[in-house]
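Participant: One structure, pasted below without further comment.
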Amino acid sequence: MATLRSSTAGLRASAASSPAASVPVSSSLLRLPSARRLRLPSLKLSRSRPHRGAAGAAMMDTASSSYANALAEVAKSNGTLEATVADMEKVDRLFADPAVQSFFANPTVSPEKKREILAEISGSSELQPHTVNFLNILVDMSRIDIIAEIVKEFDACYNHITGTELAVVTSVVDMGEDDVAQIAQTVKRLTGAKKVRIKAVLDPSLIAGFTIRYGSSGSKFIDMSVKKQLDEIGSQLDFSSITLA
(Lines give C-alpha, C1' and ligand atoms only; values in the text may rest on other atoms or scores of the structure.)
Protein backbone atom coordinates (compact mmCIF):
# COMPACT_ATOMS: atom_id res chain seq x y z
CA MET A 1 0.00 0.00 0.00
CA ALA A 2 2.98 2.32 0.46
CA THR A 3 3.54 2.15 -3.28
CA LEU A 4 -0.10 3.05 -3.90
CA ARG A 5 0.10 5.98 -1.49
CA SER A 6 3.16 7.30 -3.31
CA SER A 7 1.31 6.84 -6.60
CA THR A 8 -1.60 8.85 -5.20
CA ALA A 9 0.82 11.57 -4.16
CA GLY A 10 2.25 11.61 -7.67
CA LEU A 11 -1.23 11.95 -9.10
CA ARG A 12 -2.01 14.79 -6.74
CA ALA A 13 1.21 16.61 -7.63
CA SER A 14 0.44 16.31 -11.33
CA ALA A 15 -3.09 17.57 -10.86
CA ALA A 16 -1.90 20.50 -8.75
CA SER A 17 0.65 21.60 -11.30
CA SER A 18 -1.84 21.50 -14.20
CA PRO A 19 -5.41 21.98 -12.89
CA ALA A 20 -8.10 21.01 -15.38
CA ALA A 21 -11.44 22.72 -15.65
CA SER A 22 -14.49 20.54 -15.00
CA VAL A 23 -16.29 19.56 -18.17
CA PRO A 24 -19.68 17.86 -18.62
CA VAL A 25 -19.89 14.09 -18.97
CA SER A 26 -21.20 14.56 -22.50
CA SER A 27 -17.65 15.42 -23.56
CA SER A 28 -16.89 11.71 -23.25
CA LEU A 29 -18.81 11.20 -26.48
CA LEU A 30 -15.90 12.69 -28.43
CA ARG A 31 -14.58 10.17 -30.94
CA LEU A 32 -11.45 8.31 -29.99
CA PRO A 33 -8.66 7.39 -32.41
CA SER A 34 -8.58 3.83 -33.67
CA ALA A 35 -5.66 1.50 -33.02
CA ARG A 36 -4.41 2.17 -36.54
CA ARG A 37 -4.39 5.92 -36.01
CA LEU A 38 -2.43 5.38 -32.82
CA ARG A 39 0.26 3.73 -34.95
CA LEU A 40 0.79 0.75 -32.67
CA PRO A 41 4.11 -0.91 -33.51
CA SER A 42 3.82 -3.97 -35.73
CA LEU A 43 4.76 -6.67 -33.28
CA LYS A 44 3.68 -10.23 -32.64
CA LEU A 45 1.71 -9.61 -29.49
CA SER A 46 0.79 -12.11 -26.84
CA ARG A 47 -1.47 -11.49 -23.89
CA SER A 48 -0.21 -12.02 -20.39
CA ARG A 49 -2.01 -14.78 -18.54
CA PRO A 50 -4.66 -13.58 -16.10
CA HIS A 51 -4.75 -14.78 -12.50
CA ARG A 52 -6.68 -18.03 -12.18
CA GLY A 53 -9.15 -19.09 -9.53
CA ALA A 54 -10.97 -17.28 -6.74
CA ALA A 55 -7.76 -16.06 -5.09
CA GLY A 56 -6.57 -14.48 -8.33
CA ALA A 57 -9.96 -12.80 -8.86
CA ALA A 58 -9.89 -11.45 -5.30
CA MET A 59 -6.39 -10.03 -5.84
CA MET A 60 -7.52 -8.31 -9.04
CA ASP A 61 -10.62 -6.87 -7.33
CA THR A 62 -8.51 -5.53 -4.46
CA ALA A 63 -5.97 -3.94 -6.81
CA SER A 64 -8.57 -2.38 -9.13
CA SER A 65 -10.53 -1.01 -6.16
CA SER A 66 -7.39 0.48 -4.60
CA TYR A 67 -6.30 2.21 -7.80
CA ALA A 68 -9.82 3.44 -8.51
CA ASN A 69 -10.16 4.88 -5.01
CA ALA A 70 -6.81 6.63 -5.37
CA LEU A 71 -7.90 8.27 -8.62
CA ALA A 72 -11.31 9.22 -7.17
CA GLU A 73 -9.58 10.81 -4.16
CA VAL A 74 -7.45 13.00 -6.41
CA ALA A 75 -10.37 13.92 -8.68
CA LYS A 76 -12.53 14.86 -5.70
CA SER A 77 -9.77 16.94 -4.10
CA ASN A 78 -9.17 19.02 -7.24
CA GLY A 79 -12.85 19.31 -8.22
CA THR A 80 -12.63 17.30 -11.46
CA LEU A 81 -14.85 14.30 -10.71
CA GLU A 82 -17.10 14.94 -13.70
CA ALA A 83 -14.18 15.45 -16.05
CA THR A 84 -12.41 12.37 -14.74
CA VAL A 85 -15.52 10.26 -15.32
CA ALA A 86 -15.48 11.52 -18.90
CA ASP A 87 -11.79 10.62 -19.18
CA MET A 88 -12.35 7.10 -17.89
CA GLU A 89 -15.20 6.53 -20.34
CA LYS A 90 -12.85 7.49 -23.16
CA VAL A 91 -10.17 5.16 -21.81
CA ASP A 92 -12.70 2.34 -21.41
CA ARG A 93 -13.80 2.62 -25.05
CA LEU A 94 -10.21 2.77 -26.24
CA PHE A 95 -9.12 -0.32 -24.32
CA ALA A 96 -12.14 -2.23 -25.60
CA ASP A 97 -10.14 -2.51 -28.84
CA PRO A 98 -8.42 -5.96 -28.74
CA ALA A 99 -5.34 -4.56 -30.48
CA VAL A 100 -4.91 -1.91 -27.79
CA GLN A 101 -5.48 -4.46 -25.02
CA SER A 102 -2.89 -6.82 -26.46
CA PHE A 103 -0.32 -4.08 -26.94
CA PHE A 104 -0.45 -2.82 -23.36
CA ALA A 105 -0.70 -6.32 -21.85
CA ASN A 106 2.34 -7.56 -23.78
CA PRO A 107 5.33 -7.87 -21.40
CA THR A 108 7.79 -7.73 -24.32
CA VAL A 109 6.80 -4.14 -25.14
CA SER A 110 8.91 -1.72 -23.13
CA PRO A 111 7.30 0.72 -20.67
CA GLU A 112 8.88 3.54 -22.68
CA LYS A 113 7.04 2.48 -25.84
CA LYS A 114 3.79 2.14 -23.90
CA ARG A 115 4.20 5.62 -22.44
CA GLU A 116 4.87 6.94 -25.94
CA ILE A 117 1.54 5.52 -27.13
CA LEU A 118 -0.18 6.91 -24.03
CA ALA A 119 1.16 10.34 -24.94
CA GLU A 120 -0.56 10.01 -28.32
CA ILE A 121 -3.77 8.91 -26.63
CA SER A 122 -3.74 11.78 -24.16
CA GLY A 123 -3.14 14.33 -26.91
CA SER A 124 -5.83 13.12 -29.30
CA SER A 125 -8.39 12.39 -26.56
CA GLU A 126 -7.67 15.52 -24.51
CA LEU A 127 -7.25 13.63 -21.25
CA GLN A 128 -6.54 15.59 -18.10
CA PRO A 129 -2.95 15.63 -16.81
CA HIS A 130 -3.73 13.61 -13.69
CA THR A 131 -5.55 10.97 -15.78
CA VAL A 132 -2.51 10.65 -18.04
CA ASN A 133 -0.25 10.44 -15.02
CA PHE A 134 -2.50 7.73 -13.57
CA LEU A 135 -2.24 5.65 -16.76
CA ASN A 136 1.54 6.03 -16.75
CA ILE A 137 1.60 4.78 -13.15
CA LEU A 138 -0.38 1.71 -14.22
CA VAL A 139 2.15 1.06 -16.98
CA ASP A 140 5.08 1.44 -14.55
CA MET A 141 3.40 -0.88 -12.04
CA SER A 142 2.48 -3.42 -14.79
CA ARG A 143 -1.21 -3.02 -13.91
CA ILE A 144 -2.53 -1.47 -17.12
CA ASP A 145 -4.01 -4.89 -17.95
CA ILE A 146 -6.72 -4.38 -15.30
CA ILE A 147 -7.84 -0.99 -16.63
CA ALA A 148 -11.35 -2.28 -17.45
CA GLU A 149 -11.84 -3.38 -13.84
CA ILE A 150 -10.44 -0.08 -12.59
CA VAL A 151 -12.93 1.84 -14.74
CA LYS A 152 -15.82 -0.13 -13.22
CA GLU A 153 -14.54 0.48 -9.71
CA PHE A 154 -14.05 4.18 -10.43
CA ASP A 155 -17.65 4.38 -11.66
CA ALA A 156 -18.75 2.88 -8.35
CA CYS A 157 -16.63 5.40 -6.42
CA TYR A 158 -18.07 8.30 -8.42
CA ASN A 159 -21.63 7.07 -7.94
CA HIS A 160 -21.11 6.73 -4.18
CA ILE A 161 -19.51 10.16 -3.78
CA THR A 162 -22.14 11.99 -5.83
CA GLY A 163 -25.24 9.94 -4.96
CA THR A 164 -25.59 8.92 -8.61
CA GLU A 165 -27.44 5.91 -9.98
CA LEU A 166 -25.86 4.36 -13.07
CA ALA A 167 -28.28 3.05 -15.68
CA VAL A 168 -26.96 1.08 -18.64
CA VAL A 169 -29.30 1.60 -21.60
CA THR A 170 -28.84 -0.86 -24.45
CA SER A 171 -30.45 -0.17 -27.81
CA VAL A 172 -30.03 -0.96 -31.50
CA VAL A 173 -29.24 2.63 -32.48
CA ASP A 174 -28.26 5.76 -30.59
CA MET A 175 -31.22 7.16 -28.68
CA GLY A 176 -32.27 10.79 -28.87
CA GLU A 177 -31.61 13.23 -26.03
CA ASP A 178 -35.31 13.43 -25.15
CA ASP A 179 -35.56 9.64 -24.86
CA VAL A 180 -32.44 9.46 -22.70
CA ALA A 181 -33.75 12.25 -20.45
CA GLN A 182 -37.07 10.42 -20.03
CA ILE A 183 -35.31 7.19 -19.10
CA ALA A 184 -33.13 9.07 -16.61
CA GLN A 185 -36.22 10.60 -14.96
CA THR A 186 -37.88 7.17 -14.76
CA VAL A 187 -34.84 5.56 -13.11
CA LYS A 188 -34.54 8.53 -10.76
CA ARG A 189 -38.15 8.06 -9.70
CA LEU A 190 -37.72 4.30 -9.24
CA THR A 191 -34.53 4.56 -7.18
CA GLY A 192 -34.84 7.91 -5.41
CA ALA A 193 -31.30 8.77 -6.51
CA LYS A 194 -30.10 12.37 -6.52
CA LYS A 195 -28.76 11.98 -10.05
CA VAL A 196 -28.91 9.39 -12.80
CA ARG A 197 -26.08 8.80 -15.25
CA ILE A 198 -26.91 7.00 -18.48
CA LYS A 199 -24.34 4.74 -20.12
CA ALA A 200 -25.36 3.90 -23.68
CA VAL A 201 -24.55 0.53 -25.27
CA LEU A 202 -25.45 -0.62 -28.80
CA ASP A 203 -26.67 -4.18 -29.43
CA PRO A 204 -28.15 -5.03 -32.89
CA SER A 205 -29.49 -8.35 -31.56
CA LEU A 206 -32.31 -6.52 -29.79
CA ILE A 207 -33.91 -5.87 -33.23
CA ALA A 208 -35.67 -2.77 -31.86
CA GLY A 209 -36.54 -1.18 -28.53
CA PHE A 210 -34.18 -1.00 -25.56
CA THR A 211 -33.23 -2.46 -22.18
CA ILE A 212 -32.31 -0.72 -18.93
CA ARG A 213 -30.10 -2.22 -16.25
CA TYR A 214 -29.63 -0.37 -12.96
CA GLY A 215 -29.41 -0.96 -9.21
CA SER A 216 -26.68 -2.58 -7.16
CA SER A 217 -24.40 -4.49 -9.55
CA GLY A 218 -27.06 -4.12 -12.26
CA SER A 219 -29.58 -6.20 -10.31
CA LYS A 220 -32.64 -4.39 -11.75
CA PHE A 221 -33.56 -5.00 -15.37
CA ILE A 222 -36.26 -3.55 -17.64
CA ASP A 223 -36.62 -5.16 -21.06
CA MET A 224 -38.53 -3.17 -23.69
CA SER A 225 -36.92 -4.86 -26.68
CA VAL A 226 -38.60 -6.51 -29.66
CA LYS A 227 -36.34 -9.52 -29.11
CA LYS A 228 -38.02 -10.15 -25.75
CA GLN A 229 -41.47 -9.91 -27.30
CA LEU A 230 -40.52 -12.39 -30.02
CA ASP A 231 -39.02 -14.76 -27.44
CA GLU A 232 -42.24 -14.62 -25.40
CA ILE A 233 -44.36 -15.32 -28.47
CA GLY A 234 -42.10 -18.20 -29.42
CA SER A 235 -42.37 -19.74 -25.96
CA GLN A 236 -46.17 -19.77 -26.23
CA LEU A 237 -46.24 -21.56 -29.57
CA ASP A 238 -45.91 -25.31 -29.82
CA PHE A 239 -44.96 -26.69 -33.23
CA SER A 240 -43.70 -30.01 -31.96
CA SER A 241 -46.58 -31.95 -33.60
CA ILE A 242 -45.99 -30.46 -37.04
CA THR A 243 -44.09 -32.59 -39.54
CA LEU A 244 -42.76 -31.24 -42.78
CA ALA A 245 -43.24 -33.33 -45.92
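The values are calculated or read from the model by the stated rules, or taken from the named source; none is laboratory data. Since we're looking at a predicted model, the values are computed, not measured. A quick note on method: Cβ atoms are made from the backbone with ideal geometry, for glycine too, and the neighbour counts reach across all protein chains shown. In case anyone asks, the SASA skips ligands and DNA or RNA and just uses the protein heavy atoms, side chains included. Shrake-Rupley method; radii C 1.70, N 1.55, O 1.52, S 1.80 Å.
Participant: What percent do you get for the relative contact order of region 75-200 when only Cα pairs under 8 Å and 6+ apart count?
Facilitator: The normalised contact order for region 75-200 reaches 23 percent.
Participant: Please turn the phi angles of region 196-212 into ³J(HN,Hα) values with the Karplus equation 6.51 cos²θ - 1.76 cosθ + 1.60 (θ = phi - 60°), one per residue in order, whole Hz, x for glycine and proline.
Facilitator: 10, 10, 9, 10, 8, 9, 9, 8, x, 5, 6, 6, 6, x, 7, 10, 10
Participant: When the Karplus curve 6.51 cos²θ - 1.76 cosθ + 1.60 is applied with θ = phi - 60°, which whole-Hz ³J(HN,Hα) does each residue of region 86-94 get, with x for Gly and Pro?
Facilitator: 4, 4, 5, 5, 4, 4, 4, 5, 5
Participant: Could you list the trypsin sites (Lys or Arg not before Pro) in region 163-195 that lie in coil according to DSSP, counting only those with at most 13 other Cβ atoms within 10 Å of their Cβ?
Facilitator: Lys194
Participant: Okay, next question. If I model a spin label at Asp140 and Arg93 as a point 7 Å from the Cα along the Cα→Cβ vector, what separation in nanometres do I get?
Facilitator: 2.9 nm
Participant: Counting other Cβ atoms within 10 Å of each Cβ, which chymotrypsin sites (Phe, Trp or Tyr not before Pro) in region 102-203 have at most 10 and sit in a DSSP loop?
Facilitator: Qualifying residues, ordered by number: none.
Participant: Once you have the Cα-Cα distance between Asn159 and Lys220, take 0.36 nm times their residue separation minus that, and quote the gain in nm to one decimal.
Facilitator: 20.3 nm
Participant: Going by accessible area, probe 1.4 Å, with all protein chains left in place, what is the ranking of Val85, Val172, largest first?
Facilitator: Per-residue accessible area, sorted high to low, gives Val172, Val85.
Participant: Check Ser225: other-chain or 5+ apart residues with amide H under 5 Å from its amide H, H built from backbone geometry?
Facilitator: Phe210
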